[in-house]
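Asker: I am attaching a structure below and will ask some questions about it afterwards.
Coordinate-derived values only; no laboratory data. Note that the coordinates shown come from a computational prediction; the quantities given were computed from them, not determined experimentally. Cβ placement follows ideal geometry from the backbone for every residue including glycine, while neighbour counts extend to all protein chains displayed.
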Amino acid sequence: MVDRILKVNAYTTFDLLDGEVEGHGFSEEALAVLNVTAPREDPDHVELQLELDNTQLEEVRPHAERVTLSADQARELAGELEKYADRVEAAQTE
């Protein structure tokens, strides 16, 4: 990905995932970066960051999405991810 908005380095949670952006009348696929982070000093939230490769998109201007989560919200999200990961694994072993 060129012209990135998010900083991507060895500490980035995931890079080069399959991403999709959907809007009214369009859907596009692109490589994506997904990162989870928190402030280094006095952390008071967890941040979830997502950016799709803007060189692969025609309908959406270059941008990154950020969601700020409390510690409880981050734990709830982690639990939901575990639940659905278990569901996918179970379906694949049948």
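Asker: What are the residues in the stretch 13-58 that are surrounded by 12 or more Cβ atoms within 10 Å (Cβ to Cβ), over 25 Å from residue 78 (Cβ atoms) and of a type in the set (D, E, K, R), if any?
Answerer: Once the filter is applied, which keeps residues that are surrounded by 12 or more Cβ atoms within 10 Å (Cβ to Cβ), over 25 Å from residue 78 (Cβ atoms) and of a type in the set (D, E, K, R), the stretch 13-58 yields 28, 29, 53.
Asker: Which of the residues spanning the stretch 64-77 are over 13 Å from the mean Cα position of the chain (by Cα) and surrounded by fewer than 14 Cβ atoms within 10 Å (Cβ to Cβ)?
Answerer: 70, 71, 72, 75, 76
Asker: Can I ask one more? Can you tell me which residue among 16, 34, 6 is in contact with a strand residue (DSSP E or B) (Cβ under 7 Å, 6 or more places away or on another chain), part of a loop (DSSP other than H, G, I, E, B) and of a type in the set (A, V, I, L, M)?
Answerer: Unique residue meeting the criteria: 6.
Asker: Ok, one more. Given the structure, is residue 33 in contact (Cβ under 8 Å) with a residue 24 or more places away in the chain and either farther than 23 Å from residue 69 by Cα or over 10 Å from the mean Cα position of the chain (by Cα) (or both)?
Answerer: no
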